[in-house]
1. When you look at residue 238, is it crowded, with 20+ Cβ neighbours inside 10 Å and either part of a helix (DSSP H, G or I) or in the same structural domain as residue 303 (by TED's automatic domain parsing) (or both), yes or no?
2. Do we have residue 187 as within 15 Å of ligand 1 (Cβ to nearest atom), in contact (Cβ under 8 Å) with a residue 60 or more places away in the chain and within 16 Å of the chain's Cα centre (by Cα) here?
3. What number goes with the only condition from (1) modelled with pLDDT of 95 or more; (2) surrounded by 17 or more Cβ atoms within 10 Å (Cβ to Cβ); (3) not in a helix (DSSP H, G or I) that residue 214 does not pass?
4. For residue 332, all conditions in the list (1) over 18 Å from residue 293 (Cα atoms); (2) buried (at least 19 other Cβ atoms within 10 Å of the Cβ) hold save one; what is the number of the exception?
5. Determine, yes or no, whether residue 274 is surrounded by 20 or more Cβ atoms within 10 Å (Cβ to Cβ), under 21 Å from the mean Cα position of the chain (by Cα), within 16 Å of ligand 1 (Cβ to nearest atom) and under 30 Å from residue 321 (Cβ atoms).
6. State all residues of the range 29-59 that are within 16 Å of ligand 2 (Cβ to nearest atom) and in a strand (DSSP E or B); if no residue qualifies, say none.
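The values are calculated or read from the model by the stated rules, or taken from the named source; none is laboratory data. Please read all numbers here as calculations on a predicted model, not as lab measurements. As a convention, Cβ positions derive from the backbone with ideal geometry for all residues, glycine included, and neighbour counts pool all protein chains shown.
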Ligand code: NG1
Ligand code: MG
């Protein structure tokens, strides 16, 4: 395996352990994991690998094949503070610092090689894949016995308090708990999950990357989180709810008049209707109703475009292109503002699908999309 060879080249020794942490695709339930909602993601077969070996001192060396120009970054267990120049290594440092703060004993240093095949900042969760990977590696090497839920929560904490992104728990939780061949319905309020079938006979899931790089995603994301918090505060003055996702679409009309701001009202409408779509999606999946399921995907995209305003030209053109090319449903996946979309495509048109979509998309945007064949996989694990 190439990972071992690279480890040898970088550190002049053999790695002792190898690990894999998946990325994720969210099938439906977008921007509701910080509103206590039920979401419907799956772990995927593109992700992040780690190779490690033990050191006897207190230093940790990091190297990523994806960021070769950064070279080896050496940090001490006694100083894990955020440093701009450390780039991706900050995610790893954040995890280790959080473990130490919580009283876990990290007895010695490590040499760490990271190599991933997830497109970064594209809605397939490269950051959460790395966080969960580092949490899992440290739990395994130092016998910390962290549960998968705990590893996920530590990852979320690092995003929230170390990186300043106030994200929900969906990404870290599915990456920690994924199940081969399945998606999980995850309750982001209680962290309860259950596995569900996620494939329709005669159809293929296709992940499509706009290759339009997201810009200022974190600040726009945090703005949405704040808007939802404002709506929740207003609702709580009249109704004792813990999360926005407890509200059902039929309650929307009576609650509407309490929200004075048109933009906030649109955000509220997205959250409540998206939650209802997830619940309906699980039923349609159970009934093997691909057409009905696809309609929910399309409604989800429209809601994210018009009410939540997180799509943009590139994602909209790609999703429309996928539908024109014969997909029965398509939507943005992940935070949006660029990055990836998913489509449910009949097998009998798969032969022409990608070239048709590319043609439509490139005509309008001058960018070339990328397509990923993925299978649904297990959560983070040691592979050797
Ligand atoms: P991506 O697109 O992978 O950054 C983000 C959040 C999720 C969730 C989705 C939108 C992170 C780590 N995750 O995912 O918690 O809110 O957006 O549904 O930022
Ligand atoms: Mg991210």
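1. no
2. Yes, satisfied.
3. Unmet for residue 214, out of (1) modelled with pLDDT of 95 or more; (2) surrounded by 17 or more Cβ atoms within 10 Å (Cβ to Cβ); (3) not in a helix (DSSP H, G or I): (1).
4. (1)
5. Against the criterion (surrounded by 20 or more Cβ atoms within 10 Å (Cβ to Cβ), under 21 Å from the mean Cα position of the chain (by Cα), within 16 Å of ligand 1 (Cβ to nearest atom) and under 30 Å from residue 321 (Cβ atoms)), residue 274 qualifies.
6. 39, 41, 43, 44, 46, 47, 48
Residue-wise test of (1) crowded, with 17+ Cβ neighbours inside 10 Å; (2) more than 29 Å from residue 367 (Cβ to Cβ); (3) touching a strand residue (DSSP E or B) at 6+ places or on another chain (Cβ under 6 Å); (4) in contact (Cβ under 8 Å) with a residue 40 or more places away in the chain.
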| residue | (1), (2), (3), (4) |
| --- | --- |
| 197 | no, yes, no, yes |
| 200 | yes, yes, no, yes |
| 223 | no, no, no, no |
| 232 | yes, yes, no, yes |
| 247 | yes, yes, no, no |
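Yes/no matrix, rows are residues, columns are (1) over 26 Å from residue 209 (Cα atoms); (2) touching a strand residue (DSSP E or B) at 6+ places or on another chain (Cβ under 6 Å):
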site: 106; (1), (2): yes, no
site: 111; (1), (2): yes, yes
site: 115; (1), (2): no, yes
site: 122; (1), (2): no, yes
site: 125; (1), (2): no, yes
site: 131; (1), (2): no, no
site: 137; (1), (2): yes, yes
site: 142; (1), (2): yes, no
site: 146; (1), (2): yes, no
